[in-house]
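These notes are about the structure you will find just below.
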Amino acid sequence: MTMLLDIRGLSRDFGGVKAVSEVDFHMNTGEILALIGPNGAGKSTVLNMISGVIPPSSGEISFENQPMLQVAGHAYASLGITRTFQNLQTFDDMTVVENVMVGMHSKGKSSLFACGIKLPTARKEEKEMREQALKWLDLVGLPDISSRLAGSLPYGKLRLMEIARAMVSGPKLLLLDEPAAGLNHTETAEMSRLFKEIRKSGTAILLVEHDMDMIMQVADRIVVLDQGKKIAEGTPQEIQENKSVIAAYLGEEEEELVKG
Ligand code: ADP
Ligand code: MG
């Protein structure tokens, strides 16, 4: 097992609020690590720092033994880190395949949207990019709808389309912020299957999710945050039985289930 991501003393303040406080964890190549915790625990802020959306207030993030703090935001996909966001980020008046091809933008030598003149090299590159995008649409379970406008798709399919977009550049680490939120049981099961396929292909996944069934099914390890701090780390089994996790989070989830 090789270390892929190493996070030490990671902290982020917003004004007086300590959103993330002295968090340490690591990820190995090709593993699925779930990052869980109540709303406001700091999960999205951690993903935002790993993907360069915001800088940490202090602490270190290294990826493949390289410190990441000086890397510019647009360089992340070419380093091998891609992500989806908690809210949908889709282009409604572009087709599904074009939405996925956006994820290859940083890879193409001739820019995808500067192809107006269509030089032969650009045309060949675009064809390869399209084929790769179609391959991923197939893998996420969305064959046959590549030429439809994204705006005409239901929410669950747009969530899958976003995962295809994040995978099309062949990342080493995929960051997902609540990918199953708003999905029904069947869609969630389908997504769990997809995560296992992605792991098999060699991509590691850092999964922020509330659906405990999904987490128990797919996660190799779990890190639990509460009020910005790491309160537990372990296997799904260990976390399920951890008293402080139950008090801070799982108990609350169960109450919500009971309330319906
Ligand atoms: P989670 O994803 O676990 O629900 P977040 O990382 O979104 O939690 O938020 C953690 C804390 O940081 C919350 O108190 C939230 O209000 C605060 N926070 C997050 N982003 C910002 C921001 N851009 N400006 C100010 N406060 C923020
Ligand atoms: Mg969040």
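The values are calculated or read from the model by the stated rules, or taken from the named source; none is laboratory data. Just so we're clear, the structure is a prediction, and the values are computed from it rather than from any experiment. Cβ sites come from the backbone with ideal geometry, for glycine too, and all protein chains shown count toward neighbours. For the accessible areas, the whole protein counts, side chains as well, though only heavy atoms, and no ligand, DNA or RNA atoms are used. Shrake-Rupley method; radii C 1.70, N 1.55, O 1.52, S 1.80 Å.
A quick yes/no check of all residues on (1) β-branched (Val, Ile, Thr); (2) more than 16 Å from ligand 1 (Cβ to nearest atom); (3) open to solvent by 60 Å² or more (accessible area, probe 1.4 Å):
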residue: LEU174; (1), (2), (3): no, yes, no
residue: ASP177; (1), (2), (3): no, no, no
residue: GLY182; (1), (2), (3): no, no, yes
residue: LYS200; (1), (2), (3): no, yes, yes
residue: MET214; (1), (2), (3): no, yes, no
residue: LYS229; (1), (2), (3): no, no, yes
residue: ALA232; (1), (2), (3): no, no, no
residue: GLU238; (1), (2), (3): no, yes, yes
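Of all the residues that make up segment 1-24, how many are surrounded by fewer than 16 Cβ atoms within 10 Å (Cβ to Cβ), assigned to a strand (DSSP E or B) and away from ligand 1 (no atom under 15 Å from the Cβ)? Total meeting the criteria: 4.
Note on segment 184-198: residues that are among the aliphatic types (A, V, I, L, M) and either within 16 Å of ligand 2 (Cβ to nearest atom) or open to solvent by 10 Å² or more (accessible area, probe 1.4 Å) (or both) amount to 1.
Could you tell me whether LEU176 is over 16 Å from LEU158 (Cα atoms), in contact with a strand residue (DSSP E or B) (Cβ under 6 Å, 6 or more places away or on another chain), modelled with pLDDT of 95 or more and within 16 Å of ligand 2 (Cβ to nearest atom)? Judged against the criteria, LEU176 is not a match. Close Cβ contacts (under 8 Å, 6 or more residues apart or on different chains) running from residues in segment 72-87 that are outside any helix (DSSP H, G or I) and hydroxyl-bearing (Ser, Thr, Tyr) to residues that are open to solvent by less than 70 Å² (accessible area, probe 1.4 Å) and modelled with pLDDT under 90 comprise THR82/TYR76.
Among the residues making up segment 26-41, those that are open to solvent by 10 Å² or more (accessible area, probe 1.4 Å) and in contact (Cβ under 8 Å) with a residue 12 or more places away in the chain are HIS26, ASN28, THR29, GLY30, GLU31, PRO38, GLY40. When segment 32-52 is limited to residues that are more than 20 Å from TYR249 (Cβ to Cβ) and in contact with a helix residue (DSSP H, G or I) (Cβ under 7 Å, 6 or more places away or on another chain), the one that is farthest from ligand 1 (Cβ to nearest atom) turns out to be GLY52.
Do we find a residue being at pLDDT 95 or above and farther than 27 Å from GLY80 by Cα anywhere in segment 212-228? Looking for residues that are at pLDDT 95 or above and farther than 27 Å from GLY80 by Cα, one finds at least one in segment 212-228, hence yes. Checking PRO179, PRO143 one by one, the residue that is within 14 Å of the chain's Cα centre (by Cα) and not aliphatic (A, V, I, L, M) is PRO179 and no other.
For segment 132-172, the tally of residues that are assigned to a helix (DSSP H, G or I) and not polar (S, T, N, Q) stands at 22.
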